[in-house]
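Asks: Quick one: the structure is below, questions incoming.
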Amino acid sequence: FPQEKIRNFSIIAHIDHGKSTLADRILEFTGAVSSREMRDQYLDRLDLERERGITIKAQAVRLYYQAEDGEVYQFNLIDTPGHVDFTYEVSRALAACEGALLVVDASQGVEAQTLANVYLALENNLEIIPVINKIDLPQADVEKTKKEIEEVIGLSAEEAILVSAKLGIGIKEVLEAIVKKIPSPGGFREKPLRALVFDSWYDPYLGVVVLIKVVDGKIYPGQKIRFYSTGKVYEVTKVGVFAPEATSIDMLVAGEVGFIAASIKEVREAKIGDTITEAQAQVAPLPGFKEQKPVVFAGIFPVDSDDFEDLKEAIEKLWLNDPAFSYEMETSAALGFGFRCGFQGLLHMEIVQERLEREYNLNLISTSPSVKYKVRLKNGKELEVENPAKWPDPGLIEEVLEPYIRAEIYTPKEFLGQLINLCEEKRGIQKELKFLTPERCVLVYEISFSEVVLDFYDKLKSYSKGYASLDYQFIGYKPGDLVKMDILINKQPVDALSLIVHRDKAYYRGRELAAKLKEVIPRQLFEVIIQAAIGSKIIARERIAPLRKDVLAKCYGGDVTRKKKLLEKQKEGKKRLKAIGQIEIPQEAFLAILKI
Ligand code: GTP
């Protein structure tokens, strides 16, 4: 295919601004998917994505478009996720593009991730085409949105394309703009092969699938290739594109995007950001990506200890598909064998847990999430601790450092007061307050990340009726007065319920948590005492009175089916209970900390 007729682009947007819907319309308009085959959010392959309506994994689709100039163009559309937890996926995908459609919802305007994504696009030197979407909505304000694009982002909005992805308005204009404004890819077909790996995953039919952008040269079945970082050599078995279903082709050449398979056993052998070259050639590698480190950690345990091996296998498999989470084995006195996992954020954590449960049919308990602290000991050593169970003895600690972020919050001005309160409540330090337009402003705070991990995002959304948005970057570690709080149930400390808290808030948190646990732990046949303690000092206490009634008490006589039903129901309710000693503790108990 003539290189000058190739266009590689992404769609970037704040979450819910309509990126997937626009992608659907583009697929339809170019005939890649017939209306009959069309289903909403075609590119979101995982069931979970479709249900939650968010895009998790980036996908690359090849389309052909006959433009007004009569020529046929090859489009490679690379879909990207919009949530703050998935920035790493976005930046990778953008490295394979020359341009991006920037979708802005005309009823919402520019949001935190709009800007964050624009920065990523600019870092990758992409041509950005502003697209104002949802113009069909009565609340749509095109002029205001244009003004925000110009003033907040600094892009000219004069030629912004007005679109309703839902109704299919403006789609042709978008396609023409892609042809006219986005440059064709550079690179040389005659040169030795250099291809950038921008995603890889395990597919049950194809084995490890490697998504690549060929920068120079060509790649074809039978060719011997080498991964630069590992030095390992493989023979290419298959070359293809998603059109949108996986389709084999003869070769991929400079400028093109597609996938290869090469009898690669494990995804970790096809490292994202790596360069593929010919087996013998000596060429310089392409610039890779920054490695993404997990920032939120939690334990994941099977409810039924017999499922540990299944969980192990499931985690290993899922990791191949999502190397952005990390895991290592962990044992807990309370929960038995499980894994300590690291995630990009809370949403990422929820999604990993849900995928493990759904795709691998497991019943899991996750512990309260934690960030990674640095603990300086009196003996001069420094530890990294992300598991309260591994917190050193307080007598040995010289100083504790906690991670801080710079949070940018975009909000309509009427919620400003409440959001400032929220940030102050979370020990935030205000750095900036800027009005973008008379109605909208951006609040910049430095906040301890541990405060943000818990419930900050949910609160931000509820205080602002969903209108405020958040983006953040890590700015480093600062000293904090942190202590470990233990929860004792009938005098036994439950390691999996321990958490690290700020000393000023320990009493409040301890009391609230004990009260919450009282609510969620079912009554037992004996009395249950819940205590929160710092070291040997008890700071809160609650009592759960013993249970007298049993579930069958209600059915006198011998109605067997009814009895069975009740027992069945009781069993259902037990599914997510984990027996700790003699006490059954439900999943909610482990996440109770998120709710206080
Ligand atoms: P993520 O994939 O989660 O990042 O979201 P997204 O940006 O892909 O948004 P999506 O396409 O899922 O659209 C979000 C919501 O907006 C859906 O309910 C769409 O039906 C709706 N929507 C998208 N485009 C339009 C539009 O042009 N007009 C109207 N009225 N609604 C739209």
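The values are calculated or read from the model by the stated rules, or taken from the named source; none is laboratory data. Model, not experiment: these values are computed from the prediction. Counting neighbours? That spans all protein chains shown, and the Cβs are built from the backbone with ideal geometry, glycine included. These accessible areas exclude ligands, DNA and RNA; they are computed on the full protein's heavy atoms, side chains included. Shrake-Rupley method; radii C 1.70, N 1.55, O 1.52, S 1.80 Å.
Asks: Farthest toward the dipole's positive end in the chain, which of S248, C441, L377, given Cβ charges of +1 (Lys, Arg) and -1 (Asp, Glu) about the Cα centre?
Replies: Toward the positive end, the furthest listed residue is L377.
Asks: Compute the helix-to-body angle for 19-29: its Cα long axis versus the longest principal axis of the chain, expressed 0 to 90° and rounded to tens.
Replies: The helix 19-29 is inclined about 40 degrees to the chain.
Asks: Under 13 Å from the Cα of K505, which aspartates and glutamates turn up, not counting those fewer than eight places away in the same chain?
Replies: Straight-distance partners of K505: E425, E451, D481.
Asks: Whole-Hz Karplus ³J(HN,Hα) for the stretch 3-16, in order, using 6.51 cos²θ - 1.76 cosθ + 1.60 and θ = phi - 60°, x for Gly and Pro?
Replies: So the J values, rounded to whole Hz, are 4, 6, 10, 9, 10, 9, 8, 10, 10, 10, 6, 6, 4, 6.
Asks: Work out from phi, with θ = phi - 60° and the Karplus expression 6.51 cos²θ - 1.76 cosθ + 1.60, the ³J(HN,Hα) of each residue of the stretch 171-187, listed in order in whole Hz, and give x for Gly and Pro.
Replies: Result, ordered by residue: 5, 4, 4, 5, 5, 5, 5, 4, 5, 7, 9, 7, x, 6, x, x, x Hz.
Asks: Restricting to lysine pairs 8 or more places apart or on different chains, what number in the stretch 99-231 have Cα atoms under 18 Å apart?
Replies: Lysine pairs satisfying the spacing and distance rule in the stretch 99-231 number 11.
Asks: Could I ask something else about it? What net charge do the residues around P294 carry, taking every other residue with its C-beta under 10 Å from that of P294, with Lys and Arg at +1 and Asp and Glu at -1?
Replies: Overall, the nearby charge balance is +1.
Asks: Moving to a separate point now. Work out how much length F526 to Y205 would gain on full extension: take 0.36 nm times their residue separation and subtract the Cα-Cα distance, in nm to one decimal.
Replies: 110.2 nm
Asks: Further, regarding this structure: Take the Cα of K224, step 7 Å along the line toward its Cβ, and report every residue of the stretch 261-288 whose backbone nitrogen sits under 15 Å from that point.
Replies: Of the residues in the stretch 261-288, 277-282 have backbone N under 15 Å from the label point off K224.
Asks: If you don't mind, there's one more thing I want to ask. Note down the nm distance, to one decimal, between modelled labels 7 Å out along Cα→Cβ at L396 and at D306.
Replies: Going from the L396 label point to the D306 one covers 3.9 nm.
Asks: Once the other residues with Cβ under 12 Å from the Cβ of F29 are scored (Lys, Arg +1; Asp, Glu -1), what is the net sum?
Replies: -2
Asks: From the phi of every residue in the stretch 242-258, what ³J(HN,Hα) in whole Hz does the Karplus formula 6.51 cos²θ - 1.76 cosθ + 1.60 yield, where θ is phi - 60° and glycine or proline is x?
Replies: Once θ is set to phi - 60°, the couplings for the stretch 242-258 become 9, 9, x, 7, 4, 9, 6, 9, 6, 6, 10, 10, 2, x, 8, 10, x Hz.
Asks: Also, I was wondering about something else. Can you list residues whose amide H is under 5 Å from I475's amide H, if they're 5+ apart or on another chain and H is modeled 1.01 Å from N?
Replies: Close amide H contacts, sequence-distant or interchain: Y404, I405, R406.
Asks: Just round it to a whole percent: the fraction of Cα-Cα distances in the stretch 434-474 exceeding 17 Å. Don't skip to the answer; put the middle values down first.
Replies: Working: 301 of 820 pairs.
Above the 17 Å cut-off, the stretch 434-474 has 37 percent of its Cα pairs.
Asks: So what's the convex hull volume per residue for the Cα atoms of the stretch 273-396, in Å³?
Replies: Output value, Cα hull per residue: 161 Å³.
Asks: Taking the stretch 474-552, which chymotrypsin sites (Phe, Trp or Tyr not before Pro) meet the DSSP loop condition and have no more than 14 other C-beta atoms within 10 Å?
Replies: F526
Asks: Now a separate question. With N set to the number of residues, divide the alpha-carbon radius of gyration of the stretch 198-315 by 2.2 N^0.38 Å and report two decimals.
Replies: In units of the globular-protein estimate, the stretch 198-315 measures up at 1.26.
Asks: Can you give the FRET efficiency to the nearest 0.05 for K381 and D504, using r as the Cβ-Cβ distance and R₀ = 35 Å?
Replies: Calculated transfer efficiency: 0.85.
Asks: Pop a pseudo-label 7 angstrom from the Cα along the beta-carbon direction at both K180 and L433 and give the gap in nm to one decimal.
Replies: Those two pseudo-labels are separated by 4.4 nm.
Asks: How many percent of the accessible area of the stretch 277-432 is carbon or sulfur, using a 1.4 Å probe?
Replies: Looking at the stretch 277-432 in its full context, I get 46 percent from C and S.
Asks: Still on this structure: Where does helix 503-520 land angle-wise versus the long Cα axis of the chain, in degrees 0 to 90, nearest 10?
Replies: Roughly 80 degrees, rounded to the nearest 10.
Asks: If you add up the charges near V400, with Lys and Arg at +1 and Asp and Glu at -1, over every other residue whose beta carbon is less than 11 angstrom from its beta carbon, what do you get?
Replies: 0
Asks: Here's another thing I want to ask about it. Less than 17 Å apart at the alpha-carbon level, and either on another chain or at least 8 residues along: which aspartates and glutamates does that give for K232?
Replies: Here the aspartates and glutamates satisfying the reach criterion relative to K232 are E266, E269, D274, E278.
Asks: Quick check on the chain: helices-only [θ] at 222 nm, where DSSP H runs of length 4 and up contribute -39,500 (n - 2.57) each and the sum goes over total residues. Nearest 500, please.
Replies: Estimated from H runs of four or more residues: -7000 deg cm²/dmol.
Asks: Can you list residues from other chains, or at least 5 along the same chain, whose modelled amide H is less than 5 Å from the amide H of I585?
Replies: K578, A579, I580
Asks: What's the extension gain from E328 to V72 if we count 0.36 nm per residue and subtract their Cα-Cα distance?
Replies: Length difference between fully extended and current span is 87.1 nm.
Asks: Sticking with this one: Which angle from 0 to 90°, rounded to the nearest 10, does the C-alpha axis of helix 560-574 make with the longest principal axis of the chain?
Replies: 70 degrees
Asks: GluC sites (Glu not before Pro), restricted to the stretch 101-165: which are DSSP loop and have at most 13 other Cβ atoms within 10 Å?
Replies: E158, E159
Asks: Moving to a separate point now. Using all Cα-Cα distances in the chain, what percent lands in each 10 angstrom bin from 0 up to the longest?
Replies: It works out to 3, 15, 23, 23, 19, 12, 5, 1, 0, in whole percents.
Asks: What's the long-distance tail for the stretch 383-438, i.e. % of Cα pairs beyond 15 Å?
Replies: The share of Cα pairs beyond 15 Å in the stretch 383-438 comes to 63 percent.
Asks: 5 Å is the cut-off here: which amide hydrogens, built 1.01 Å from N in the peptide plane, fall below it relative to D141, excluding neighbours closer than 5 in sequence?
Replies: Counting only residues 5 or more places away or on other chains, the set is S107.
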